[in-house]
Amino acid sequence: MSDVLNPPHSAEGNTGLPTQPSGKVIAVTSGKGGVGKTFVSANLAAAMAKRGQRVLVLDADLGLANLDVVLNLYPKITLHDVFTGKAKLEEAIIRAPGGFSVLLAGSGMVEYSRLTPEVRGDFLRIMNGLVPHYDVVILDTGAGISDVVLFAVSLAAEVMVVATPEPTSLTDAYATIKVLVGQQKRQTIRLVINQTARLGDGRAITTQLQQVLDRFVTTDTGKHVKLVHMGDIPADPAVRQAIMRRQLLLQAMPGSPAALAISQLAVKVEETVGLKAE
C-alpha cells in the first residue's frame, strides 16, 4: 500500500475510532446538483482502474444516492445494511463495469441525511475498513454544504470541486470553497469544469474564481487558498447518450472528447496523490 495521507482537517468525534483514514482518499463534490459530479466520479474511477490502480468509489450521498443508476447496478446489499449490522462491509462491495469497486448507499436513506453521532461513527468505521485495501478511494459526496457532505469531505486528503460554466454553478462552487477553507482549513482546492464550450474556458474560469477568493477569502493563517485547475470536460453529445444508456462513457465511447478529457484527468489525479500507473 502506498504512503499514508493524514489530512489535518479531518473531522473530530467521540467515536474511539481514528479520524484520519490512511490511504489515498479523494472527495468529489459540488456546490449544486446537476453538474455531473457522479458522472465524473464513476468515469474517473474507470480511467484510473484502466491504468492499473485499485479504485473504490463510495457513494457518500447518503440521502439521494444515484451512483447505482449511473452504473446500471442493482445491489442486494448497500451501505445501509452495513450501517445497521445486517451485512459485513466486504459483502456490500461489488465490482462495477470499468474494473473498479463500488460501495453503494441506496436512495432515500432519510435517517442518514443528518450527521448524528451514530452516522459519524458508522462512516468512520466504514472508511477505516476500506482505505487500507485500495490505492485510491473516491468519495462521491452529495452537493452543497450540509453537515453530512462536509463530514464526508473532511475525511479526504484531497477535494475536487466539479462545476459548470453556468453562473449559478460557479456561485455555489465559490460558496462551497469558502466553507471548506473556513471550516476545514483547506489551503488547496482542485477544480474540474464540466460541459465547457471552448478550449481554455475552464482555466479562465479558475483564474476568475482565484481572483475573487484572493480578494475575499483567506485561511486562518492569513494565506490565500490555492485553486488548482485539474482540467475541462467539454460539452459532448456522447455524455448524454452514455448516461441515458446507463453506461460508462469510457466504455461506451472511449474515443469521445469528454472521455479523452477524463483520461487526462485521471493522470493528473494520480500525480496529485503520488500514484504510478502500472
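The values are calculated or read from the model by the stated rules, or taken from the named source; none is laboratory data. Given the structure is predicted, the values throughout are model-derived calculations rather than measurements. Reconstructed Cβ throughout: ideal geometry from the backbone, glycine too, with neighbour counts over all protein chains shown. Calculation scope for accessible area: heavy atoms of the full protein, side chains included, ligands and nucleic acids excluded. Shrake-Rupley method; radii C 1.70, N 1.55, O 1.52, S 1.80 Å.
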* Accessible area of the chain divided out per residue, in Å², using a probe of 1.4 angstrom -> 44 Å²
* Structure fact -> Residue by residue through segment 143-154, the couplings from Karplus 6.51 cos²θ - 1.76 cosθ + 1.60 with θ = phi - 60°, in Hz, x for Gly and Pro, are 8, x, 10, 5, 5, 5, 4, 5, 5, 4, 5, 5
* Tell me, what is the percent relative contact order of segment 114-220, built from C-alpha pairs under 8 Å that lie six or more residues apart? -> 24 percent
* Using amide H atoms built 1.01 Å from N in the peptide plane, name the residues 5+ places from residue 194, or on other chains, whose amide H lies under 5 Å from its own. => 163, 164, 233
* To do: State the extension gain, in nm to one decimal, for the chain segment bounded by residue 183 and residue 203, taking 0.36 nm per residue of separation less the distance between their alpha-carbons.
  => 4.6 nm
* Asked: Taking θ as phi - 60°, what are the ³J(HN,Hα) couplings along segment 28-38 by the Karplus curve (6.51, -1.76, 1.60), each to the nearest whole Hz, with x for Gly and Pro?
  -> 9, 9, 7, x, 9, x, x, 9, x, 4, 5
* Accessible-area composition of the chain, carbon plus sulfur, in percent [1.4 Å probe] -> 52 percent
* Asked: Near residue 223, which lysines are there with a Cα under 17 Å away, not counting those fewer than 8 places off in the same chain?
  -> 178, 185
* Structure fact -> At the level of C-alpha centres, the distance separating segment 209-262 and segment 16-95, in angstrom, is 18 Å
* Structure fact -> Listed by chain and number, the residues whose amide H is under 5 Å from that of residue 24, excluding neighbours fewer than 5 places away on the same chain and using placed H, are 137
* At a probe radius of 1.4 Å, what is the per-residue accessible area of residue 127, in Å² to the nearest 10? -> 0 Å²
* Asked: Among 275, 259, 192, whose Cα sits farthest toward the positive end of the charge dipole of the chain (+1 at Cβ of Lys/Arg, -1 at Cβ of Asp/Glu, about the Cα centre)?
  -> 259
* Asked: Ordered by residue, what ³J(HN,Hα) values in Hz, to whole numbers, does segment 225-239 give under the Karplus form 6.51 cos²θ - 1.76 cosθ + 1.60, where θ = phi - 60° and Gly and Pro are x?
  -> 6, 9, 8, 10, 6, 8, x, 10, 10, x, 4, 8, x, 5, 5
* Surrounding net charge for residue 186, when Lys and Arg each add one and Asp and Glu each subtract one, Cβ distance under 12 Å -> +3
* For residue 54 and residue 166, FRET efficiency with R0 = 45 Å and r from the beta-carbon atoms, rounded to 0.05? -> 0.80
* Asked: How would you order 264-274, 128-138 from highest to lowest mean count of nearby Cβ atoms within 10 Å?
  -> 128-138, 264-274
* Asked: Just one of (1) 0.96; (2) 1.00; (3) 0.94 is Rg/Rh (Cα atoms, Kirkwood Rh) as worked out from the coordinates here. Which one is it?
  -> (3)
* Length released on extending from residue 90 to residue 244, taking residue separation times 0.36 nm less the Cα-Cα span -> 52.4 nm
